[in-house]
Amino acid sequence: KPRVLSGIQPTADSFHLGNYLGALRQWVAMQDTHEAFYCVVDLHAITVEQDPKKLRQRTRVSAAQLLALGIDPARSTLFVQSHVPEHAQLGWVMQCLTGFGEASRMTQFKDKSARQAADHVGVGLFTYPILQAADILVYRANEVPVGEDQRQHLELTRDLAQRFNSRYGKTFVLPEPHIVKDTAKIYDLQDPTSKMSKSVPAGVVELLDEPKVSAKKIRSAVTDLEREIRYDTEKKPGISNLLVIYSALTGRALSALEADYEGKGYGDLKKDLADVVTDFVTPVREKVRGYLDDPAELDKILLGGAQRAREVASRTLEAAYKRIGFLPPA
Ligand code: TYM
């Protein structure tokens, strides 16, 4: 079976619909066809300041959400990144292979650092994509399910794998991004030209929000001054985003939805979408609560995952160290 790896940051109280439709849904589906490794990337989380207690709690809540969404620890290796030290170890190796200019071209770093004075931006934020490359390469993953915003990081990962291989001999697999076009970028409900992201709460539909709260956010979604319910990302980004979410959660084609809503108003679409979201999140929320009620069981799942992950990661790291010329410990 080909291998898949992906990761998600534990930096919010809840995942949002962008995370789910852009990435996590594919994580769940790929368990059947791939040998899967999925991690909560807490090392990445500390590239910006985190409250220790919150970080611990959010790491558990993240794992609980992944389980609730259908990641099955019997079929997939689910773990916490900091439990597998090989990520950071290979990360250092990859940093030494990365050009300063190459790292400087990462657009996500440029966006995230632009708003702050240079001394408030940690070096970890700069090297973030290199650690991400190590996450992927240390499992020799063939595919990486992510949203559109991660495409450039995947290109860097492939470049680094290639560079290591040509310098030291074939060690790493060049991974392919697995990006599902229709849902690769879900937009903010308040600003339907930027991606839904944790930093702007009012436009973000969180999986663990009370359905009432989600309904309100959907009701207040920014649309346009026409009345027609039509998929047109240029002229109608707000309505198009709502249609994409609706279609992804119900499996109904965009053209079918356009026909369903012919002659109806934006209010009808929003009300129905709120119901669709409620139906989706209600069982997820219940399952999350179940996992959080038994943190010992949750921690046991994560420990088992880390053990399995380390078996694979340590073998790759050992091979890489040897090729680099590190003297093996006797
Ligand atoms: P993160 O934690 O920001 O997001 C997790 C996943 O959700 C996707 N995503 C979206 N997809 C569509 N529309 C959106 N609005 C949206 N917002 C987020 C992201 O593309 C991502 O797939 N750097 C990664 C974490 C990471 C990783 C890795 C991923 C660390 N190591 C190794 C893959 C492989 C990140 O910050 O994702």
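The values are calculated or read from the model by the stated rules, or taken from the named source; none is laboratory data. Predicted, not measured: the structure shown is a model, and the values here were computed from it. All Cβ positions, glycine included, derive from the backbone under ideal geometry; neighbour counts span all protein chains shown. Ligands, DNA and RNA are excluded from the accessible area calculation, which covers all protein heavy atoms including side chains. Shrake-Rupley method; radii C 1.70, N 1.55, O 1.52, S 1.80 Å.
Binning the alpha carbon pair distances of the chain at 20 angstrom intervals from zero yields the distribution 30, 56, 14, 1, expressed in whole percent. For the chain, the solvent-accessible area with a 1.4 angstrom probe is 49 square angstrom per residue. Between Gln152 and Lys300, what is the FRET efficiency for a Förster distance of 41 Å, r being their Cβ-Cβ separation, to the nearest 0.05? Step by step, r from the Cβ atoms, then E = 0.65.
Ordering of 40-47, 52-59, 155-162, 192-199 by packing is 40-47, 155-162, 192-199, 52-59, highest average first (other Cβ atoms within 10 Å, averaged per residue). Taking the average, over residues, of other Cβ atoms within 10 Å as the packing measure, peptides 222-229, 322-329, 61-68 rank 61-68, 222-229, 322-329 from highest down. Taking θ as phi - 60° and the Karplus parameters 6.51, -1.76 and 1.60, the scalar couplings of region 192-201 work out to x, 10, 10, 6, 5, 8, 4, 6, 10, x Hz in sequence order, x denoting glycine and proline. Computed from backbone phi, the HN-Hα couplings of region 31-44 come to 4, 6, 10, 10, 7, 9, 10, 10, 9, 8, 8, 6, 5, 5 Hz, rounded to whole numbers (Karplus: 6.51 cos²θ - 1.76 cosθ + 1.60, θ = phi - 60°; Gly and Pro given as x). In sequence order, region 179-191 has phi-based couplings of 10, 8, 3, 4, 10, 5, 9, 9, 9, 5, 6, 8, 9 Hz under the Karplus curve 6.51 cos²θ - 1.76 cosθ + 1.60, θ = phi - 60°, and Gly or Pro positions carry x.
Apolar share of the accessible surface for the chain: 52 percent from carbon plus sulfur atoms, 1.4 Å probe. With 27 Å as the limit on Cα-Cα distance, the pairs of Lys53/Lys216; Lys110/Lys185; Lys236/Lys271; Lys53/Lys322; Lys112/Lys212 that go past it are Lys53/Lys216; Lys53/Lys322; Lys112/Lys212.
When Lys and Arg each count +1 and Asp and Glu each count -1, what net charge do the other residues less than 12 Å away from Leu5, Cβ to Cβ, add up to? Display every interim value, and only then the final one.
Values: positive: Arg3, Arg140; negative: Glu35, Asp135, Glu143, Glu176.
Here the count lands on -2.
With the highest mean first, a sort of the peptides 170-180, 104-114 on other beta-carbon atoms found within 10 angstrom per residue produces 170-180, 104-114.
Amide H to amide H distances under 5 Å link Arg3 with Glu35, Asn142, Glu143, where only residues 5 or more positions off or on other chains count and H is placed in the peptide plane. In percent, rounded to a whole number, the relative contact order of the chain is 22, using alpha-carbon pairs under 8 Å and six or more apart. If R0 is taken as 56 Å, the Cβ-Cβ distance between Cys96 and Glu226 corresponds to a FRET efficiency of 0.55.
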